[in-house]
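The values are calculated or read from the model by the stated rules, or taken from the named source; none is laboratory data. A quick note: this is a predicted structure, and the numbers were derived from the prediction, not measured. Glycine gets a Cβ as well: all are built from the backbone with ideal geometry, and neighbour counts include every protein chain shown.
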Amino acid sequence: MAESPPTAAPPAGVHAAWRTSAWVLYDLANTVYAATLTFVFVPFLKTELGGLAAQGAVNFASMALAGLLVPLLGALADHTARTHRYLALATSACIAAMAGWSFGGGPWLLGCFFVANLAYNTSLLFYNALLPAVAPAGRAGRISGLGVGFGYLGTIVVLAVLLPLAIGDRTRFLVAAALFLGLALPCLVLVRDRRRPHAGSARGSLRAALASLATALRGLPRHRPLLWFLLGNFCLVDVLNTAVLFFADFTTAVFQDALDAGTLHLLGATVQGRTGLLMVMGLCLNGLALAFGIGLGGWTDRAPLRVLRASALALLGALVGGAVFGGTSALGYLLTLVGLGAMGLAGIQTAGRKVVVVLAPPAQTGQYFGLYGITTKLSVVGALVYGLVADAFGSRPAMLVQAVPLLLGLGCLAMVRLPAPDAPTEPR
């Protein structure tokens, strides 16, 4: 990746605080898209198209393209120091395509989904790159953590405010797009990239990014712990992305008969309808993920690999529990798929970046974070497989199939050995 020029420290005072708050608020804003996709769009598209295979294929294509574009777009942002402009463009494209879900059907819906998903995933690159412009020295981790916390609140906003509205799904998409825009505007207006542009051509910067990526890939076989970690993380995040994307569809599918019969009970109360079910399960999932994210922080600093393995095992328990208790016991489902799934969601995301820092050679940290980012973007095979299996055999087999890549990921992590805290990291 191209080397970034020095970043000027944000000026002290109320204006810096406003910019930091605006940056944090954007994490809530873009989570409106992710939550609307999971809890509204995927079930809606399944009804419109009669299955999930096409949606899984489009998700695969958009995420794969985003993964290939990440190193190039990152180099372009570093070279031009116009990160805030690129963030505004990507965000606007995502919101416009999201609003487009309200019109048309079939190919139009899939095309708008492709554009929205591609724009959303590229916007994350530019958003993350603006963190040094808003975080005072020594507080980047704390500010980043605030953004993650507000991200979970974004899902809660969708579940508690958007989902219960007595409007059709197509109108709901317009409301969600407007909500995304309103919450994102402070960041788009107030936050600026404070770096100086590079001298030379943007084309040269892009060539340097490709050369750096090629060097990192060639060096992986000599650094086997990092190679095993990246392979394992790819498998874990693939399952995690699939579980998040199809959470609402799976939850509704397995409990549909009980909902129709009015016999779905949780802690002595009757769950009313699909909206009530998703609100209860979704709010619990995101509330617990927020708590786990905060609670696992100290353990992650001490033993990140153990946190990653424990989180993967929790996710495995969630998959099995969801298949066993789905449709039979709302409490069992809450304790397994929701509770253990929340730990998997928070732990895998929290520990992954820490493991990269521990394993990567100090002079190549940026390169390997680039590889880490690519593996998370390309972790979309599971979504395609889920859609195909769900259409052919049903939701439970589709969820259980995800245990295969998860076990492969755990096997790869078993090959990883972290260096002693004071030992230098060398390729091995």
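Scanning for something within 23 Å of Thr36 (Cβ to Cβ) and surrounded by 21 or more Cβ atoms within 10 Å (Cβ to Cβ), does region 212-227 turn up at least one residue? No, that holds for no residue.
Of all the listed residues (Ser92, Ser102), the sole one being in a helix (DSSP H, G or I) and of a type in the set (S, T, N, Q) is Ser92.
Taking Ser4 as the residue in question, decide whether it is of a type in the set (S, T, N, Q) and modelled with pLDDT of 90 or more. So Ser4 fails the test. Scanning region 361-384 for residues that are modelled with pLDDT of 75 or more and farther than 15 Å from Leu236 by Cα turns up just one, Leu384.
Only one of these is out of contact with any His (no Cβ under 8 Å at 6 or more places or on another chain), crowded, with 18+ Cβ neighbours inside 10 Å and at pLDDT below 85: Ala423, Ala398, Ala390, Ala351. Name it.
Ala351
Step by step: first the residues of region 21-42, then only those that are of a type in the set (Ser, Thr, Tyr) and within 22 Å of Gly273 (Cα to Cα), then the one that is surrounded by the fewest Cβ atoms within 10 Å (Cβ to Cβ). Which residue is that? It comes out as Thr38. Pairs linking a residue in region 254-267 that is free of Cβ contacts under 8 Å to residues at least 60 places away in the same chain to a residue that is surrounded by fewer than 17 Cβ atoms within 10 Å (Cβ to Cβ) and part of a strand (DSSP E or B), with Cβ atoms under 9 Å and 6 or more positions apart or on different chains, are Gly262/Thr270; Thr263/Thr270. Could you count how many residues in region 325-346 are surrounded by fewer than 21 Cβ atoms within 10 Å (Cβ to Cβ) and either among the hydroxyl-bearing types (Ser, Thr, Tyr) or under 17 Å from Pro405 (Cα atoms) (or both)? Matching residues across region 325-346 total 2. Picking from residues in region 270-324 that are closer than 25 Å to Pro164 by Cα and polar (S, T, N, Q), the one that is surrounded by the most Cβ atoms within 10 Å (Cβ to Cβ) is Asn286.
Of the residues making up region 43-57, those that are crowded, with 23+ Cβ neighbours inside 10 Å and assigned to a helix (DSSP H, G or I) are Leu45, Gln55, Gly56.
From the list Gly13, Gly74, the one residue that fits, being surrounded by fewer than 18 Cβ atoms within 10 Å (Cβ to Cβ) and modelled with pLDDT under 90, is Gly13.
When residues of region 67-91 are filtered for being under 12 Å from Phe126 (Cβ atoms) and in contact with a helix residue (DSSP H, G or I) (Cβ under 8 Å, 6 or more places away or on another chain), how many remain? Of the residues in that region, 15 qualify.
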